[in-house]
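*Asks:* What follows is a single structure, and I will ask about it in a moment.
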Amino acid sequence: MSAPIPVGPAPVLVLVPGATGAPADGGPRFHLADATVPQLSVTDLVATRGDGVFETIGAFDGVPVNVGPHLARLAHSAAQVELSAPDQATLAEAVDAAIAAHEDVAELSVRVMLTRGIEGTGVPTCWIHARVSDDWTPYRAGMRVATLDRGLSTAVAETSPWLLPGAKTLSYAVNMAAVREAKRRGAVDVLFVASDGYVLEGPTSTLLVRRGDEFTTTPASAGVLPGTSVASLFPWLQAQGHQVAERLMTVADVAGSDGAWLLSSTRLAAPIARLDETELPVDAALTDRFQQVLMGRA
Ligand code: PLP
(Lines give C-alpha, C1' and ligand atoms only; values in the text may rest on other atoms or scores of the structure.)
Protein backbone atom coordinates (compact mmCIF):
# COMPACT_ATOMS: atom_id res chain seq x y z
CA MET A 1 0.00 0.00 0.00
CA SER A 2 1.36 3.45 -0.89
CA ALA A 3 1.82 6.25 1.66
CA PRO A 4 -1.47 7.19 3.33
CA ILE A 5 -3.18 10.28 1.98
CA PRO A 6 -4.05 12.66 4.84
CA VAL A 7 -7.71 13.21 5.66
CA GLY A 8 -8.77 16.54 4.22
CA PRO A 9 -11.47 18.52 2.47
CA ALA A 10 -10.04 17.70 -0.97
CA PRO A 11 -11.71 15.06 -3.14
CA VAL A 12 -10.48 11.59 -2.26
CA LEU A 13 -9.64 8.92 -4.78
CA VAL A 14 -9.38 5.20 -4.19
CA LEU A 15 -7.97 3.11 -7.00
CA VAL A 16 -9.09 -0.50 -7.28
CA PRO A 17 -7.26 -2.95 -9.55
CA GLY A 18 -9.56 -3.51 -12.50
CA ALA A 19 -9.22 -7.29 -12.53
CA THR A 20 -11.97 -9.25 -10.81
CA GLY A 21 -11.34 -10.61 -7.33
CA ALA A 22 -8.35 -10.06 -5.06
CA PRO A 23 -4.90 -10.06 -6.65
CA ALA A 24 -3.40 -13.57 -6.76
CA ASP A 25 -0.29 -12.35 -4.92
CA GLY A 26 -2.42 -11.27 -1.96
CA GLY A 27 -1.34 -7.65 -2.55
CA PRO A 28 -3.51 -4.67 -1.70
CA ARG A 29 -6.96 -4.78 -3.24
CA PHE A 30 -7.06 -0.98 -3.45
CA HIS A 31 -5.06 2.02 -2.37
CA LEU A 32 -5.74 5.65 -1.58
CA ALA A 33 -4.53 8.11 -4.17
CA ASP A 34 -4.36 11.87 -4.37
CA ALA A 35 -7.23 13.22 -6.48
CA THR A 36 -5.57 16.62 -6.78
CA VAL A 37 -2.90 15.18 -9.11
CA PRO A 38 -3.55 13.41 -12.45
CA GLN A 39 -4.30 9.69 -12.13
CA LEU A 40 -5.96 8.69 -15.41
CA SER A 41 -4.11 7.84 -18.63
CA VAL A 42 -4.99 9.85 -21.73
CA THR A 43 -5.24 6.53 -23.57
CA ASP A 44 -7.84 5.08 -21.21
CA LEU A 45 -10.84 4.17 -23.34
CA VAL A 46 -13.07 6.27 -21.11
CA ALA A 47 -11.05 9.31 -22.21
CA THR A 48 -11.01 8.41 -25.89
CA ARG A 49 -14.44 6.80 -26.29
CA GLY A 50 -16.44 7.42 -23.11
CA ASP A 51 -16.40 3.65 -22.70
CA GLY A 52 -17.27 2.64 -19.15
CA VAL A 53 -19.97 2.47 -16.50
CA PHE A 54 -20.43 4.14 -13.14
CA GLU A 55 -22.49 4.65 -10.02
CA THR A 56 -23.03 7.67 -7.79
CA ILE A 57 -23.69 6.88 -4.13
CA GLY A 58 -24.87 9.46 -1.59
CA ALA A 59 -23.26 9.47 1.86
CA PHE A 60 -24.93 11.48 4.62
CA ASP A 61 -22.95 12.31 7.78
CA GLY A 62 -20.43 9.72 6.62
CA VAL A 63 -22.94 6.91 6.07
CA PRO A 64 -23.35 5.69 2.48
CA VAL A 65 -26.87 4.70 1.41
CA ASN A 66 -27.89 1.72 -0.73
CA VAL A 67 -24.33 0.55 -1.38
CA GLY A 68 -25.48 -3.01 -2.17
CA PRO A 69 -28.09 -1.95 -4.75
CA HIS A 70 -25.66 0.52 -6.35
CA LEU A 71 -22.92 -2.11 -6.69
CA ALA A 72 -25.41 -4.66 -8.02
CA ARG A 73 -26.52 -2.11 -10.63
CA LEU A 74 -22.86 -1.41 -11.50
CA ALA A 75 -22.35 -5.14 -12.07
CA HIS A 76 -25.44 -5.18 -14.29
CA SER A 77 -24.28 -2.15 -16.31
CA ALA A 78 -20.82 -3.73 -16.61
CA ALA A 79 -22.34 -6.96 -17.91
CA GLN A 80 -24.34 -4.98 -20.50
CA VAL A 81 -21.10 -3.57 -21.93
CA GLU A 82 -19.18 -6.84 -21.43
CA LEU A 83 -16.83 -5.48 -18.76
CA SER A 84 -15.77 -7.44 -15.69
CA ALA A 85 -16.20 -5.52 -12.45
CA PRO A 86 -14.16 -6.03 -9.28
CA ASP A 87 -16.03 -8.06 -6.68
CA GLN A 88 -18.67 -6.18 -4.75
CA ALA A 89 -17.13 -6.81 -1.31
CA THR A 90 -13.89 -5.14 -2.43
CA LEU A 91 -15.77 -2.22 -3.90
CA ALA A 92 -17.87 -1.79 -0.76
CA GLU A 93 -14.69 -1.70 1.34
CA ALA A 94 -13.15 0.82 -1.03
CA VAL A 95 -16.27 3.03 -0.83
CA ASP A 96 -15.94 3.01 2.97
CA ALA A 97 -12.23 3.84 2.67
CA ALA A 98 -12.96 6.81 0.40
CA ILE A 99 -15.53 8.17 2.85
CA ALA A 100 -13.26 7.58 5.86
CA ALA A 101 -10.42 9.41 4.12
CA HIS A 102 -12.59 12.44 3.40
CA GLU A 103 -13.10 15.23 5.89
CA ASP A 104 -16.42 14.84 7.74
CA VAL A 105 -19.12 16.68 5.79
CA ALA A 106 -22.92 16.45 5.77
CA GLU A 107 -23.29 15.25 2.18
CA LEU A 108 -20.76 13.41 0.07
CA SER A 109 -21.08 12.24 -3.50
CA VAL A 110 -19.17 8.98 -4.03
CA ARG A 111 -18.59 7.94 -7.62
CA VAL A 112 -17.59 4.38 -8.51
CA MET A 113 -16.12 4.37 -12.00
CA LEU A 114 -15.24 1.36 -14.17
CA THR A 115 -13.76 1.82 -17.62
CA ARG A 116 -12.53 -0.41 -20.42
CA GLY A 117 -9.03 0.64 -19.40
CA ILE A 118 -5.95 1.64 -21.33
CA GLU A 119 -6.34 0.81 -24.99
CA GLY A 120 -4.77 -2.53 -25.90
CA THR A 121 -4.36 -3.83 -22.32
CA GLY A 122 -7.81 -5.38 -21.86
CA VAL A 123 -7.59 -4.49 -18.15
CA PRO A 124 -10.43 -2.30 -16.84
CA THR A 125 -9.62 0.80 -14.81
CA CYS A 126 -11.61 1.26 -11.63
CA TRP A 127 -11.63 4.07 -9.13
CA ILE A 128 -13.80 5.62 -6.48
CA HIS A 129 -13.96 9.35 -5.99
CA ALA A 130 -15.57 11.10 -3.03
CA ARG A 131 -16.30 14.80 -3.09
CA VAL A 132 -18.58 17.24 -1.30
CA SER A 133 -22.02 17.13 -2.94
CA ASP A 134 -23.35 20.14 -4.77
CA ASP A 135 -25.75 22.29 -2.76
CA TRP A 136 -29.11 20.88 -3.84
CA THR A 137 -31.19 22.98 -1.43
CA PRO A 138 -32.97 25.05 -4.13
CA TYR A 139 -33.85 21.92 -6.12
CA ARG A 140 -35.29 20.22 -3.04
CA ALA A 141 -37.68 23.17 -2.58
CA GLY A 142 -39.22 22.70 -6.05
CA MET A 143 -37.87 23.11 -9.53
CA ARG A 144 -38.90 24.02 -13.00
CA VAL A 145 -38.60 21.13 -15.46
CA ALA A 146 -38.78 21.06 -19.26
CA THR A 147 -40.00 18.03 -21.18
CA LEU A 148 -37.60 17.04 -23.95
CA ASP A 149 -37.96 14.44 -26.69
CA ARG A 150 -35.55 11.54 -26.07
CA GLY A 151 -35.92 10.36 -29.67
CA LEU A 152 -36.31 6.69 -28.66
CA SER A 153 -39.45 4.67 -28.06
CA THR A 154 -40.34 2.77 -24.88
CA ALA A 155 -39.67 -0.42 -26.87
CA VAL A 156 -35.96 0.42 -27.19
CA ALA A 157 -34.87 -2.42 -24.88
CA GLU A 158 -36.49 -4.90 -27.27
CA THR A 159 -35.74 -3.23 -30.60
CA SER A 160 -32.24 -1.84 -29.96
CA PRO A 161 -30.49 -3.27 -26.88
CA TRP A 162 -27.13 -2.08 -28.27
CA LEU A 163 -28.23 1.45 -27.30
CA LEU A 164 -27.74 0.18 -23.73
CA PRO A 165 -31.06 1.26 -22.24
CA GLY A 166 -30.96 0.89 -18.47
CA ALA A 167 -27.16 0.82 -18.30
CA LYS A 168 -25.45 3.63 -16.39
CA THR A 169 -22.69 4.30 -18.87
CA LEU A 170 -20.04 7.00 -18.79
CA SER A 171 -21.38 8.52 -22.01
CA TYR A 172 -23.46 11.18 -20.24
CA ALA A 173 -22.70 14.00 -22.70
CA VAL A 174 -26.23 13.74 -24.14
CA ASN A 175 -27.78 13.85 -20.66
CA MET A 176 -25.76 16.97 -19.81
CA ALA A 177 -26.64 18.59 -23.15
CA ALA A 178 -30.31 18.04 -22.30
CA VAL A 179 -29.87 19.90 -18.99
CA ARG A 180 -28.25 22.80 -20.86
CA GLU A 181 -31.23 22.85 -23.27
CA ALA A 182 -33.59 22.94 -20.27
CA LYS A 183 -31.67 25.94 -18.93
CA ARG A 184 -32.01 27.71 -22.27
CA ARG A 185 -35.77 27.18 -21.83
CA GLY A 186 -35.77 28.72 -18.34
CA ALA A 187 -35.97 25.38 -16.48
CA VAL A 188 -33.29 23.64 -14.39
CA ASP A 189 -33.93 20.00 -15.22
CA VAL A 190 -35.46 17.70 -17.82
CA LEU A 191 -38.15 15.08 -18.07
CA PHE A 192 -37.37 12.94 -21.11
CA VAL A 193 -40.31 11.89 -23.27
CA ALA A 194 -40.19 8.80 -25.51
CA SER A 195 -41.05 9.02 -29.21
CA ASP A 196 -44.32 7.18 -28.44
CA GLY A 197 -45.37 9.95 -26.05
CA TYR A 198 -44.66 8.36 -22.67
CA VAL A 199 -42.56 10.10 -20.03
CA LEU A 200 -39.32 8.35 -19.10
CA GLU A 201 -36.91 9.80 -16.51
CA GLY A 202 -34.63 12.78 -15.92
CA PRO A 203 -31.05 12.85 -17.25
CA THR A 204 -29.84 11.86 -13.76
CA SER A 205 -33.06 10.95 -11.95
CA THR A 206 -36.17 8.77 -11.72
CA LEU A 207 -39.72 10.12 -12.08
CA LEU A 208 -42.23 9.65 -9.26
CA VAL A 209 -45.83 10.83 -9.75
CA ARG A 210 -48.61 11.09 -7.19
CA ARG A 211 -52.31 10.75 -7.93
CA GLY A 212 -54.32 10.60 -4.72
CA ASP A 213 -52.94 7.73 -2.70
CA GLU A 214 -51.08 6.14 -5.58
CA PHE A 215 -47.41 6.79 -6.44
CA THR A 216 -46.25 5.70 -9.88
CA THR A 217 -42.91 5.47 -11.65
CA THR A 218 -41.88 4.54 -15.18
CA PRO A 219 -41.26 0.78 -15.62
CA ALA A 220 -37.62 -0.15 -16.21
CA SER A 221 -38.81 -2.09 -19.28
CA ALA A 222 -39.32 1.32 -20.98
CA GLY A 223 -35.53 1.67 -21.14
CA VAL A 224 -34.98 3.82 -18.04
CA LEU A 225 -32.36 3.19 -15.37
CA PRO A 226 -33.86 1.21 -12.48
CA GLY A 227 -33.43 3.77 -9.66
CA THR A 228 -32.15 2.81 -6.23
CA SER A 229 -33.96 5.81 -4.70
CA VAL A 230 -37.42 4.84 -5.95
CA ALA A 231 -36.66 1.26 -4.89
CA SER A 232 -36.16 2.42 -1.31
CA LEU A 233 -39.07 4.86 -1.34
CA PHE A 234 -41.69 2.36 -2.58
CA PRO A 235 -41.64 0.04 0.48
CA TRP A 236 -41.77 3.09 2.76
CA LEU A 237 -44.79 4.48 0.85
CA GLN A 238 -46.50 1.11 1.10
CA ALA A 239 -45.82 1.00 4.85
CA GLN A 240 -47.55 4.41 5.06
CA GLY A 241 -50.64 2.88 3.42
CA HIS A 242 -50.09 4.20 -0.11
CA GLN A 243 -50.32 2.24 -3.35
CA VAL A 244 -47.29 2.05 -5.62
CA ALA A 245 -47.12 1.13 -9.30
CA GLU A 246 -44.86 0.98 -12.34
CA ARG A 247 -46.83 2.19 -15.33
CA LEU A 248 -46.32 4.18 -18.50
CA MET A 249 -47.57 7.78 -18.15
CA THR A 250 -48.03 10.64 -20.58
CA VAL A 251 -46.95 14.27 -20.13
CA ALA A 252 -50.64 15.10 -19.47
CA ASP A 253 -50.70 12.49 -16.68
CA VAL A 254 -47.79 14.23 -14.96
CA ALA A 255 -49.12 17.75 -15.61
CA GLY A 256 -52.50 16.75 -14.14
CA SER A 257 -51.05 14.88 -11.14
CA ASP A 258 -51.17 15.71 -7.43
CA GLY A 259 -47.41 16.05 -7.34
CA ALA A 260 -44.28 14.79 -9.06
CA TRP A 261 -40.63 14.41 -8.08
CA LEU A 262 -37.33 13.58 -9.71
CA LEU A 263 -35.46 11.19 -7.40
CA SER A 264 -31.75 10.47 -7.20
CA SER A 265 -29.17 9.32 -4.69
CA THR A 266 -27.35 12.59 -4.02
CA ARG A 267 -29.96 15.26 -4.86
CA LEU A 268 -32.65 13.07 -3.19
CA ALA A 269 -36.29 14.10 -3.85
CA ALA A 270 -36.64 17.21 -6.00
CA PRO A 271 -40.30 18.20 -6.50
CA ILE A 272 -41.37 19.37 -9.94
CA ALA A 273 -42.97 22.75 -9.22
CA ARG A 274 -43.58 23.52 -12.87
CA LEU A 275 -43.58 21.22 -15.90
CA ASP A 276 -43.18 23.33 -19.06
CA GLU A 277 -46.06 25.83 -18.60
CA THR A 278 -48.04 23.88 -15.95
CA GLU A 279 -47.69 24.56 -12.21
CA LEU A 280 -47.74 21.42 -10.03
CA PRO A 281 -48.57 21.21 -6.33
CA VAL A 282 -45.50 20.86 -4.06
CA ASP A 283 -45.94 19.06 -0.75
CA ALA A 284 -42.96 20.33 1.28
CA ALA A 285 -43.73 18.18 4.36
CA LEU A 286 -43.96 14.96 2.34
CA THR A 287 -40.84 15.90 0.39
CA ASP A 288 -38.97 16.36 3.70
CA ARG A 289 -40.03 12.87 4.75
CA PHE A 290 -38.82 11.52 1.40
CA GLN A 291 -35.41 13.12 2.08
CA GLN A 292 -35.20 11.28 5.42
CA VAL A 293 -36.02 7.95 3.76
CA LEU A 294 -33.54 8.56 0.94
CA MET A 295 -30.82 9.48 3.47
CA GLY A 296 -31.44 6.09 5.08
CA ARG A 297 -32.92 7.62 8.21
CA ALA A 298 -36.50 6.29 8.12
N1 PLP B 1 -31.95 7.74 -14.12
C2 PLP B 1 -30.75 8.14 -14.56
C3 PLP B 1 -30.51 8.30 -16.03
C4 PLP B 1 -29.71 8.42 -13.65
O5 PLP B 1 -28.51 8.82 -14.08
C6 PLP B 1 -29.98 8.28 -12.25
C7 PLP B 1 -28.94 8.56 -11.25
O8 PLP B 1 -27.94 9.13 -11.49
C9 PLP B 1 -31.24 7.88 -11.84
C10 PLP B 1 -32.21 7.59 -12.80
C11 PLP B 1 -31.58 7.73 -10.38
O12 PLP B 1 -30.92 6.62 -9.85
P13 PLP B 1 -30.64 6.49 -8.30
O14 PLP B 1 -31.93 6.72 -7.59
O15 PLP B 1 -30.16 5.10 -8.14
O16 PLP B 1 -29.62 7.53 -7.94
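*Asks:* Considering only protein heavy atoms and a 1.4 Å probe, what is the carbon-and-sulfur percentage of the accessible area of the chain?
*Replies:* Values: 7400 of 13390 Å².
That fraction is 55 percent.
*Asks:* Only Cα pairs under 8 Å and at least 6 apart count here; give the relative contact order of the chain as a rounded whole percent.
*Replies:* Computed value for the chain: 18 percent relative contact order.
*Asks:* Which of rounded, prolate, oblate describes the chain, given a ≥ b ≥ c as roots of the alpha-carbon gyration tensor eigenvalues and a/c under 1.5 marking rounded, otherwise prolate only if a/b is larger than b/c?
*Replies:* It comes out prolate by the Cα gyration axes.
*Asks:* Additional query: Where does the chain land at 222 nm, in deg cm²/dmol rounded to the nearest 500, when only DSSP H runs of n ≥ 4 count, each adding -39500 (n - 2.57), divided by all residues?
*Replies:* After summing the helix terms and dividing by residue count, I get -8000 deg cm²/dmol.
*Asks:* Compare the peptides 82-93, 260-271 by average per-residue count of other Cβ atoms within 10 angstrom and give them in order, highest first.
*Replies:* Taking the mean over residues of other Cβ atoms within 10 Å, the ranking is 260-271, 82-93.
*Asks:* Here's another thing I want to ask about it. Just to be sure I understand: of the beta bridges DSSP finds with both ends in the stretch 183-286, what percent are antiparallel, rounded to 5?
*Replies:* Given both bridge residues lie in the stretch 183-286, the antiparallel proportion sits at roughly 80 percent.
*Asks:* Hey, can you find the accessible area per residue of the chain for me, probe 1.4 Å, expressed in square angstrom?
*Replies:* Using a 1.4 Å probe on heavy atoms only, each residue of the chain averages 45 Å².
*Asks:* Accessible area, 1.4 Å probe, largest first: how do 31, 70 sort?
*Replies:* 31, 70
*Asks:* Let me ask you something else. For the stretch 145-298, with only Lys/Arg (+1) and Asp/Glu (-1) charged at the beta-carbon, what is the dipole magnitude about the Cα centre, in debye rounded to 20? Intermediate values should be presented prior to the final figure.
*Replies:* Working: 13 positive and 16 negative charges, 106 e Å.
In debye, rounded to 20, the stretch 145-298 gives about 500.
*Asks:* How would you order 125-133, 242-250 from highest to lowest mean count of nearby Cβ atoms within 10 Å?
*Replies:* Answer by packing, highest mean first, reads 125-133, 242-250.
The values are calculated or read from the model by the stated rules, or taken from the named source; none is laboratory data. The shown structure was predicted, so the numbers you read here are calculated from the model rather than taken from an experiment. Every residue, glycine among them, receives a Cβ derived from its backbone with ideal geometry; neighbour counts consider all protein chains shown. Note: areas computed on protein heavy atoms with side chains; ligands, DNA, RNA excluded. Shrake-Rupley method; radii C 1.70, N 1.55, O 1.52, S 1.80 Å.
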